[in-house]
Every structure is written in structure tokens, then in C-alpha cells.
Amino acid sequence: MSESARVLTDSMPNTIETTAQPLGFDEAFTLHHRAVFRTARALVRDAGLAEDVTQEVFLRLYRNLDATPGEELLKAWLLRVTMNVARNTLRGQSRSINREEEYAKNAEATGWFTTTAPEEDYERRAEIEEARRALDKIKEPMRSALLLKQQGMTYREIANALQLNETNVGSLIARGRKEFVRLYGKIGGTK
């Protein structure tokens, strides 16, 4: 090494102090949002889903701002997180689709899944609402006993749940059914 180069290197400090502040969240968001969104969109191929992925990535950045790498490695870190979140999102979506398809197959096989016309659906909803109004008018503990019995509970279980004597449960259910039939007929207009 030449004498002038040695003098120059000896005059330089061993550590270089930087006065630059670490990159804040707002600056990181402004600088890298576009790249994160593009990467997410390329992976998930849906703009809405890409926005969700982008939001999750920047939420992770915000939560871990102190633990993220410096400014020079931040973009690489964000894109790696973007790829991971996008892959997880796609996996979750495919699992959800598989569950829905399996549910539809099971429902079709059991025969309780049928498509109804809008009129039938409206009538069914109206009947349900009438039944709810009739149930609301039944006094306690008859209403609770009736509902619990309808859910398949035994008299003993109903008595324990409502803190009643087991011998009274049967009469409460019978009176509740009778009252329901009477009220449901009035609400439905059949009486």
C-alpha cells in the first residue's frame, strides 16, 4: 500500500456514525406498498385478495417494526412476508372450498339440501317468525322446558338446567305445547 493511502486510511475513523434515522412505518409503507401489492396480486391473481394480503403484510411490519431488518433489506423482507402470507391465504381458500364442496355433497346425499323458490323461502321464513312470536308469548319456565325438550334433553337434564323438580317437567312441557298450539294458531290466523 502506498504511503498516501496508508495515511488516508489511518485518518478514517474505525466506526462510521450515521445520522440517518431508521425508516419509519409511514415511509416504509409509501416506498414499498406498490411492490408488495404487485407481488401479492401476481401470486393470488385477485385484486381484492391481494389487498387483504398487502394489509396483513403491513400489519406485520407495524407490529414488528423494531425487529425488522434495516432499510437496505426491508424490501426483501416485505416481499418474503408477502409470498408467505399469499401462500397461506391460498391454502386457506382451497381448504374452505373443499369444506364447502364436502358439505354440499353430504347435504345432497342426506336429502335435506334443496333449492327452494323465493316464494317458498319467504313463506318458510314467515312461518319461522310466527313460531318465534308464539314462543315469545309463552311464560317461563314452560317456554324453556319446551325448547330444551325440543333439543332432545331428558326430563332430568331439563330439571337440572332449569333448577326445577323433575316431576314438574312433564306437565310444564305439556302445558307449553298446548299454549304454543293455541298462540301459533292465533298468530297464523287459522283460528
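Each Lys and Arg Cβ is given +1 and each Asp and Glu Cβ -1; about its Cα centre, the range 118-186 then shows a dipole of about 440 debye. Based on the reciprocal of the average 1/r between different C-alpha atoms, the Kirkwood radius for the range 118-186 equals 12.7 Å. Projected over all directions and averaged, the alpha-carbon convex hull of the range 34-156 occupies 14.7 nm².
Evaluating 6.51 cos²θ - 1.76 cosθ + 1.60 at θ = phi - 60° for every residue in the range 24-39, the Karplus couplings come out as x, 4, 4, 5, 4, 4, 4, 6, 10, 4, 4, 5, 5, 4, 4, 5 Hz, glycine and proline recorded as x.
Read-outs throughout are calculated quantities, based only on the coordinates presented, and are distinct from any laboratory measurement. Computed from a predicted model, the values in this text were never measured in an experiment. Backbone-built Cβ (ideal geometry, glycine too); neighbour counts: all protein chains shown.
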